[in-house]
Amino acid sequence: MGGLRVWEASTSRLDAHIKRIALDGHREKARRQRVILSEMMGMAVRHDAIDRNPVREVADLPRKHTKPRAADIEVLYELRQHLDEWVNGAPLDGSPGYTYGPKRNQRVLDVVDVELGTGPRPGEALALIWSDVDLEAMPPRVTFSGTIVRIKGKGLIRQPRTKSDSGYRTVLIPPFVVETLRRVQAEATPNELDLVFPNRDGGIWDPNNFNRLWKQARGDKFAWITAKTFRKTVATMIATVHSPEDAARQLGHAGDAVTRRHYIDQPTQAPDFTATLERLKR
């Protein structure tokens, strides 16, 4: 592609290029390249280098739809027992237990409590600040007002806005999260950014470092459980007891379409047509 001139980048060439990437198994990479190429060609059109954007007619890439998988209460109970053993230094997946060096980080379990009790995105949980936590309100609540991002040339920063406008939200927190946050607050050392979950040096906890530690903590048995699994669990429980619309508001989605498709682990409930269908009896 780099050897083509702008006017030589025809729809057929772009289509073949993107499909070749997808067929090699890099579906997400193909989607990203399509977006980038579309922006490039759009700029070329605006500067009269070409007459139309050739990417517009590139065939859509089929999406791989997977059923959302939430964790049920029994699985979460086993997971918590497993995490308690891990943080206390028990052997894990054949590896020896804790014997020396820095102790296993209790804050991993505390972040999990917040994620399970409120359903934030991982970056939102690590960007939570104490000024957005009100444990004295009735009922107690937290506001998700930012996220952790990496800026080229600057490194990690706490971005003072969430992924989307609807992500800026206040949610009420259950008693177990209140208990966790009170303990964290009592044990905390003040940090410059007022973060609830800083790293050991009081700075931003890199989401990649947190994920590596989480993989160690969950072990092989719970390898399928990620931060997104916790969001799916929250969405499914709220949708089941309340409504998908309420689940979308809790997760910070603008509407419930994404929540229904990617987060709620339950079948669609058809309306009650039994009186009508009864007419088909023998």
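Projection of the Cα convex hull of the stretch 1-159, averaged over all directions and equal to a quarter of that hull's surface, yields 17.0 nm².
For the residues A71, A239, A223, a GNM of the chain with alpha-carbon springs under 10 Å puts the largest fluctuation on A223.
The value for the stretch 73-125 of Rg(Cα) / (2.2 N^0.38 Å) is 1.29.
Each part reduced to its alpha carbon centroid, the stretch 1-37 and the stretch 57-124 end up 36 Å apart.
With R₀ fixed at 30 Å, the C-beta to C-beta distance from R56 to D165 puts the FRET efficiency at about 0.65. If you bin all the Cα-Cα distances of the stretch 6-57 at 10 Å, starting from zero, the percentages per bin are 28, 51, 19, 2. Average 1/r across all pairs of distinct alpha carbons in the stretch 206-270, invert it, and you get the Kirkwood radius: 12.9 Å. Rounded to the nearest 10 degrees, the angle from helix 27-46 to the longest Cα principal axis of the chain is 50 degrees.
Mean residue ellipticity, 222 nm, helices only, the chain: the sum of -39500 (n - 2.57) across DSSP H runs of n ≥ 4, divided by residue count and rounded to 500, is -13500 deg cm²/dmol. Report, in listed order, any pair from K163/K215; K232/K281; K154/K228; K29/K154; K67/K281; K154/K232 with a Cα-Cα distance greater than 30 Å. The pairs that break the limit, which is 30 Å between Cα atoms, are K232/K281; K67/K281; K154/K232. At Y77 and A186, where each label point lies 7 Å from the Cα along Cα→Cβ, what is the point-to-point distance in nanometres? Between Y77 and A186, the label points sit 2.7 nm apart. For the chain, the relative contact order is 18 percent, taking Cα pairs closer than 8 Å that sit 6 or more residues apart in sequence and dividing their mean separation by the residue count. Using bins of 5 Å that start at zero, the share of Cα-Cα pairs per bin across the stretch 73-218 amounts to 2, 9, 18, 21, 20, 15, 9, 5, 1, 0, in whole %. A convex hull fitted to the Cα coordinates of the chain yields 249 cubic angstrom per residue.
Values in this text are rule-based calculations from the coordinates and carry no lab data. Just so you know, these numbers come straight off a predicted model, no measurement behind them. Here Cβ is always computed from backbone atoms with ideal geometry, including for glycine, and neighbour counts include all displayed protein chains.
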